[in-house]
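Here's the structure we're looking at; comments come further down.
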Amino acid sequence: MLNTIYRLVKPRNFEIEFEEIDLNDDVVIVRPSFLSICNADQRYYQGKRAPEVLKKKLPMALIHEAVGEVVYDSREEFDVGQKVVMIPNTPFEKDSVIAENYLRSSKFRASGFDGFMQDNVAMRRDRLIELPDNIDLRVGAFIEIISVSYHTVQRFLKFSHRRKDSIAIWGDGNLAFLVSIILKHELPDVKLYIMGIHDDKMAGFVFAEDTFHVNEIPENMTFDHAFECVGGQGCEMADNQIIDYIRPEGSIALMGVSENRVPLNTRMVLEKGLKIFGSSRSGYEDFKNTVEFLSQNDKAAQLIANLIDSVIDVRSVEDMNRAFESDIKKAGGKTIMKWNV
Ligand SMILES: NC(=O)C1=CN([C@@H]2O[C@H](COP(=O)(O)OP(=O)(O)OC[C@H]3O[C@@H](n4cnc5c(N)ncnc54)[C@H](OP(=O)(O)O)[C@@H]3O)[C@@H](O)[C@H]2O)C=CC1
Ligand SMILES: O=C(CO)[C@H](O)[C@H](O)COP(=O)(O)O
Ligand SMILES: [Zn+2]
């Protein structure tokens, strides 16, 4: 079967390429329906990664957040027409201790190999999860970032000490919002404090105890644990503010991606006995639990749907560029591509 792939060949330039899919392989073919743009895609699209990284990774199809419909299964285990979410992390070994998304041998779509900007995607059957009918496919499109938030909260629950009266979240964007919703679900009595820079975005965190502009955090502010959901240039300020304000022995989840090394006040990390842990991507179990969470928690799913900024009809390469350019200009939220190519 001849497949069409839309690869980024250089910043802001997609090119159409054709590749054969062997239908005799053990493969499930999925036709993407809704795709969602992540900041990681934008770093490739805008050429914000280091030149040597771009040279190594491009040409590559972008997008690691997507849902679709099964069009063919060599073993006929999935029904044709079945709606599925596609898992971008692809492990090649099992480890009884290390999660699949941290194994150095795993590959990740739209980072290590082609992402979902294709007419059809040849998927390994263990990288698909069936979607119940009650999940809005526009929200389904960004299950990946929800599952990353879910994964981090589970790691936090495992690593952190038992006093969890208050948690601060740095960042007022998509990731911060999703982490907050899952934290509130897991710890209904927790007081959540949002530390951001956009008042209009922070107003959307209706379940938070309070929100603060990062330049106006009260001196006596303190909390048990914290999550950093900022990334980029803001990381340094955010991480060091967290270290300043957090109570001793608290846990800090680092989630934002920075292109540069971030200098940290390690003296205070030592003095306070802090536990800093990184969290990146997610695996099969996180996706499965996230699908169940969305399907069983209507209110949370509705709040999450508020993150949808726009749904752009994509029928051509020009539309793909239009979607990425519109995503750059958005005030906040997620840009979804309705895949009609
Ligand atoms: N660990 C993982 O697996 C994942 C990591 N990420 C990463 O997480 C980061 C956040 O992603 P996402 O939420 O989608 O991005 P957003 O752009 O939606 O959110 C980040 C928000 O933080 C604001 N901000 C900037 N500086 C600060 C600061 N010093 N303190 C508090 N808030 C600040 C930004 O404002 P402004 O836009 O004005 O700068 C923006 O509103 C990115 O680096 C992304 O790549 C995303 C998905 C998964
Ligand atoms: O978005 C993400 C996961 O959802 C991560 O930011 C992404 O995996 C980082 O990948 P890369 O190294 O290619 O920037
Ligand atoms: Zn992502």
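A few remarks follow.
- Protection-proxy order for peptides 58-70, 3-15, 78-90, 211-223, each taking the mean of Cβ atoms within 10 Å per residue, highest first: 58-70, 78-90, 3-15, 211-223
- Mean projection area, nm², convex hull over Cα of region 1-159: 10.6
- Potential extension, ALA50-VAL341 segment - 0.36 nm per residue separation minus Cα distance: 101.7 nm
- Once Rg and the Kirkwood radius are both taken over the C-alpha atoms of region 147-278, their ratio Rg/Rh works out to 0.92.
- Projecting label points 7 angstrom from Cα along Cα→Cβ for SER258 and GLU19 puts them 3.4 nm apart.
- Close amide H partners of GLY115, meaning residues 5 or more places away or on another chain with modelled amide H under 5 Å apart, are ALA61, LEU62, ALA110.
- Stretch gain in nm, segment ILE328-ASP210, where the contour uses 0.36 nm per residue and the Cα spacing is subtracted: 39.6 nm
- The length gained by stretching the chain between ASN134 and GLN233 to full extension, at 0.36 nm per residue less their Cα-Cα distance, is 31.8 nm.
- When a 1.4 Å probe is rolled over the protein heavy atoms, the share of accessible surface on the chain that falls to carbon and sulfur comes to 47 percent.
- Take the chain with all the other protein chains still there, run a 1.4 Å probe, and you get 47 Å² of accessible area per residue.
- Translational D in µm²/s for the chain (Stokes-Einstein at 20 °C, 1.002 mPa s, Kirkwood Rh from C-alpha pairs): 103
- Largest-first ellipsoid semi-axes for region 115-187, taking √(5λ) over the Cα gyration tensor eigenvalues, angstrom: 29, 14, 12
- Burial ranking of peptide ranges 167-175, 311-319, 135-143, 17-25 (average Cβ count within 10 Å, highest at the top): 167-175, 135-143, 311-319, 17-25
- Label-point separation, ILE217 to ALA305 (7 Å along Cα→Cβ), nm: 3.5
- Nitroxide proxy distance, nm - points 7 Å out along Cα→Cβ at GLU76 and LYS57: 4.1
The values are calculated or read from the model by the stated rules, or taken from the named source; none is laboratory data. As the structure is a computational prediction, the values presented were derived from the model and not from experiment. Every residue, glycine as well, gets a Cβ built from its backbone with ideal geometry; the counts of neighbours run over all protein chains shown. Side chains are part of the model used for accessible areas, which takes the heavy atoms of the whole protein and leaves out ligands, DNA and RNA. Shrake-Rupley method; radii C 1.70, N 1.55, O 1.52, S 1.80 Å.
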